[in-house]
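As structure tokens, the structure follows; a few thoughts come after it.
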């Protein structure tokens with residue numbers, strides 16, 4: 001666990017694993033597994049934003065989709081307000097989707113090109129039967145469009161008539177239609193221009209303040225994560241290696257991988273940028289199909305010793321709220 005569980009906890013992930021089977025031969029014999037998510041545990045409090053960072057292929061998206069059961073986890077628990085989402089089926093799971101929504105990375109691929117903007121936003125209203133009559137339905141769509149900074153008259157336009165930033169606003173409006181408590185944002189701004197990224201981040205912050213939303217925010221851009229997140233979790237090869245308050249993590253990183261990530265953040269002061277020490281990691285990340293023994297980071301770690309290969313380090317608290325998975329810290 002990365003934080004004590006209490007009544008304020010909205011989401012608690014326990015020992016989550018998402019392994020994709022590797023098959024071979026005519027009869028698709030199982031020859032192994034890709035360990036995209038391997039024994040991950042964390043909590044998110046109500047109204048909190050937990051940022052999740054890590055390089056491509058570390059398992060961030062697999063974990064996010066496992067939480068909302070788009071992928072069925074191999075093992076583990078996903079407790080939302082005390083109820084295990086892994087065990088829910090049918091109508092109970094459909095009802096839970098009113099409380100947990102997903103914002104996808106690709107604003108182009110996540111919208112049906114054959115549906116109008118109004119129909120896309122209104123579909124959740126129909127599925128969950130949240131409006132009575134056509135007038136209330138249209139009024140709710142107009143309200144949602146206004147909420148995300150779009151004009152209601154755009155409801156009859158198709159996705160190809162919008163810019164990337166506008167499409168992502170439509171995706172956010174669709175997620176908000178069912179009045180959720182938790183939004184899982186899977187790199188929601190990575191496909192957008194920098195100026196548009198700032199607009200979407202500001203919108204998400206405004207919506208969180210207005211509706212008391214809780215976010216799991218996945219991103220590559222560490223500066224964005226620092227801006228929007230209350231706490232940050234760092235992921236490497238399917239495992240969490242460090243979790244801390246945002247300011248604490250950026251000012252006092254402890255895990256060697258986190259330090260390497262922080263050293264890659266551009267600094268606005270050109271003199272500081274030139275003179276600061278950069279940590280350049282050697283080699284490539286190992287395959288999640290054949291993770292290294294012991295600490296998954298040990299083949300690239302600049303401070304690794306032989307004991308690092310002996311056992312997988314557990315997340316342990318080195319200071320209040322600051323957890324690190326490293327035997328050298």
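Rounded, prolate or oblate for region 235-329? Axes are the square roots of the Cα gyration tensor eigenvalues, ordered a ≥ b ≥ c, and the cut-off for rounded is a/c under 1.5. Could the numbers behind the result be given before it?
Numbers: a/c = 2.18, a/b = 1.39, b/c = 1.57.
Oblate shape, in that a/c is at least 1.5 and b/c is the bigger or equal ratio.
Could you list 234, 148, 280 so that the one with the fewest beta carbons within 10 Å of its beta carbon is first and the one with the most is last? List each step's numbers first, then the result.
Values: 234 26, 148 22, 280 8.
So the ranking, lowest neighbour count to highest, is 280, 148, 234.
Going by the alpha-carbon gyration tensor, a ≥ b ≥ c the square roots of its eigenvalues, is region 257-313 rounded (a/c under 1.5) or, if a/c is not under 1.5, prolate (a/b greater than b/c) versus oblate? Working shown, then result.
Values: a/c = 3.56, a/b = 2.49, b/c = 1.43.
Because a/c hits 1.5 or more and a/b exceeds b/c, region 257-313 counts as prolate.
Return the FRET efficiency for the residue pair residue 28, residue 314: r is the Cβ-Cβ distance, R0 is 35 Å, and the value is rounded to the nearest 0.05.
Working: r = 35 Å, r/R0 = 1.01.
After rounding, the FRET efficiency stands at 0.50.
With the Cα gyration tensor of the chain in hand, convert its eigenvalues to equivalent ellipsoid semi-axes via √(5λ) and list them largest first in whole Å.
36, 24, 19
Could you let me know the centre-to-centre spacing of region 54-103 and region 233-267, using Cα atoms, in angstrom?
Region 54-103 and region 233-267 have Cα centres spaced 25 Å from each other.
Rounded to the nearest 5, what % of the DSSP beta bridges within the chain are antiparallel ones?
Values: 31 of 48 bridges.
Percent antiparallel among DSSP bridges in the chain is about 65.
Looking at region 180-268 only, what percent of DSSP beta bridges run antiparallel? Nearest 5 please.
On the way: 6 of 11 bridges.
That works out to approximately 55 percent antiparallel.
If you rank 317, 209 by fewest surrounding Cβ atoms within 10 Å, what's the result?
Working: 317 14, 209 10.
The fewest-first ordering by Cβ neighbours comes to 209, 317.
Can you tell me the Rg and Dmax of region 216-291, counting just the alpha carbons, in angstroms?
13.5, 42
In terms of the Cα gyration tensor, with a ≥ b ≥ c the square roots of its eigenvalues, is region 3-121 rounded because a/c is under 1.5, prolate because a/b exceeds b/c, or oblate? List each step's numbers first, then the result.
Values: a/c = 1.61, a/b = 1.10, b/c = 1.46.
Taking the square roots of the gyration eigenvalues as a ≥ b ≥ c, region 3-121 is oblate.
So how tilted is helix 117-127 from the main axis of the chain? Cα-based, degrees 0 to 90, rounded to 10.
For helix 117-127, the angle is close to 90 degrees.
Given only helices, namely DSSP H runs of n ≥ 4 each adding -39500 (n - 2.57), what is the per-residue ellipticity at 222 nm of the chain, to the nearest 500 deg cm²/dmol? Before the final figure, lay out the partial values.
Numbers: 10 runs with 98 residues, N = 329.
Using -39500 (n - 2.57) per qualifying helix, the result is -8500 deg cm²/dmol.
Nearest 10 degrees, 0 to 90: what angle lies between the long axis of helix 134-147 and the longest principal axis of the chain (Cα atoms)?
40 degrees
Can you run the Rg to Rh ratio on region 165-308? Use alpha carbon positions and the Kirkwood inverse-distance Rh.
Details: Rg = 17.8 Å, Rh = 17.5 Å.
Rg/Rh for region 165-308 comes to 1.02.
Compute the normalised compactness of region 14-64: alpha-carbon radius of gyration over 2.2 N^0.38 Å, N being the residue count.
On the way: Rg = 14.9 Å, N = 51, 2.2 N^0.38 = 9.8 Å.
That works out to 1.52 for region 14-64.
Can you sort 35, 129 by how many other beta carbons sit within 10 Å, fewest first? Intermediate results must be reported in sequence, preceding the final value.
Values: 35 23, 129 7.
So the ranking, lowest neighbour count to highest, is 129, 35.
Read-outs throughout are calculated quantities, based only on the coordinates presented, and are distinct from any laboratory measurement. None of the values given here were measured: they were computed from a predicted structure. Methodologically, a virtual Cβ is constructed for each residue, glycine included, from the backbone with ideal geometry; neighbour enumeration extends over all protein chains shown.
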